[in-house]
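J.: Below are the structure tokens for one structure; questions will follow.
The values are calculated or read from the model by the stated rules, or taken from the named source; none is laboratory data. Just so it is clear, the model here is predicted, and its values are computed rather than measured. Neighbour counts run over all protein chains shown; Cβ positions are idealised from the backbone, glycine included. Note: areas computed on protein heavy atoms with side chains; ligands, DNA, RNA excluded. Shrake-Rupley method; radii C 1.70, N 1.55, O 1.52, S 1.80 Å.
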Amino acid sequence: ELSGAALGLDYYELIAREALDLDVKATWKARRDGAPVALAQMVGYPDLHGVVAAVHVDDLDEPWLVDRTVFLSPGTELDGFRSSNDCAAQIIVIGDSLEQCREQGIHIEQE
């Protein structure tokens, strides 16, 4: 997903096209030239324990926001963070530099 974000490719599409014996080279050639930097961040709450009461995600339509997936829903039990299975969310952003990606990254408020 991170390489796909930087290159403007959907690797899952490439895999499916190859499996179906469809043209993969044209899709690969259509990748972004001069790829930007991409950054993926996983969100976890190592010190939170309890049940999620509500989840609110601001509606964003930004060109630098490639993916924002929230894994929590009301009723999800939080018991700290032991492995990637305990991630609350994932975000992938693109930018011209790593610094810019970090500035555009995750900003979370807890209530």
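J.: Please verify whether region 16-30 includes one or more residues that are touching a Phe, Trp or Tyr at 6+ places or on another chain (Cβ under 7 Å), open to solvent by less than 40 Å² (accessible area, probe 1.4 Å) and either of a type outside the set (Lys, Arg) or modelled with pLDDT of 85 or more (or both).
T.: No: region 16-30 contains no residue that is touching a Phe, Trp or Tyr at 6+ places or on another chain (Cβ under 7 Å), open to solvent by less than 40 Å² (accessible area, probe 1.4 Å) and either of a type outside the set (Lys, Arg) or modelled with pLDDT of 85 or more (or both).
J.: I've got another one for you. Going by the structure shown, is ALA40 open to solvent by less than 90 Å² (accessible area, probe 1.4 Å) and under 19 Å from the mean Cα position of the chain (by Cα)?
T.: yes
J.: Looking for something touching a strand residue (DSSP E or B) at 6+ places or on another chain (Cβ under 9 Å) and open to solvent by 80 Å² or more (accessible area, probe 1.4 Å) - is there at least one such residue anywhere in region 61-68?
T.: Taking every residue of region 61-68 in turn, at least one turns out to be touching a strand residue (DSSP E or B) at 6+ places or on another chain (Cβ under 9 Å) and open to solvent by 80 Å² or more (accessible area, probe 1.4 Å).
J.: May I pose another question? Could you tell me whether any residue of region 72-81 is under 16 Å from GLU1 (Cα atoms) and touching a residue at least 12 places away in the same chain (Cβ under 8 Å)?
T.: Looking for residues that are under 16 Å from GLU1 (Cα atoms) and touching a residue at least 12 places away in the same chain (Cβ under 8 Å), one finds none in region 72-81, hence no.
J.: Looking at region 70-81, is at least one residue of a type in the set (S, T, N, Q) and open to solvent by 50 Å² or more (accessible area, probe 1.4 Å)?
T.: Checked region 70-81: at least one residue is of a type in the set (S, T, N, Q) and open to solvent by 50 Å² or more (accessible area, probe 1.4 Å).
J.: For region 14-41, how many residues are in a helix (DSSP H, G or I) and not β-branched (Val, Ile, Thr)?
T.: Residues flagged as in a helix (DSSP H, G or I) and not β-branched (Val, Ile, Thr) within region 14-41 amount to 9.
J.: Shifting gears a bit: Based on this model, can you work out whether VAL55 counts as open to solvent by less than 70 Å² (accessible area, probe 1.4 Å), more than 17 Å from ASP96 (Cβ to Cβ) and touching a Pro at 6+ places or on another chain (Cβ under 9 Å)?
T.: When the stated conditions are applied, VAL55 passes them.
J.: Just checking, does region 6-13 include any residue being assigned to a helix (DSSP H, G or I) and touching a strand residue (DSSP E or B) at 6+ places or on another chain (Cβ under 6 Å)?
T.: Within region 6-13 (the criterion being assigned to a helix (DSSP H, G or I) and touching a strand residue (DSSP E or B) at 6+ places or on another chain (Cβ under 6 Å)), the answer is yes, since at least one residue qualifies.
J.: Among (1) open to solvent by less than 90 Å² (accessible area, probe 1.4 Å); (2) in contact (Cβ under 8 Å) with a residue 40 or more places away in the chain, there is one condition ARG102 misses while meeting the rest; what is its number?
T.: Just one mismatch for ARG102, condition (1).
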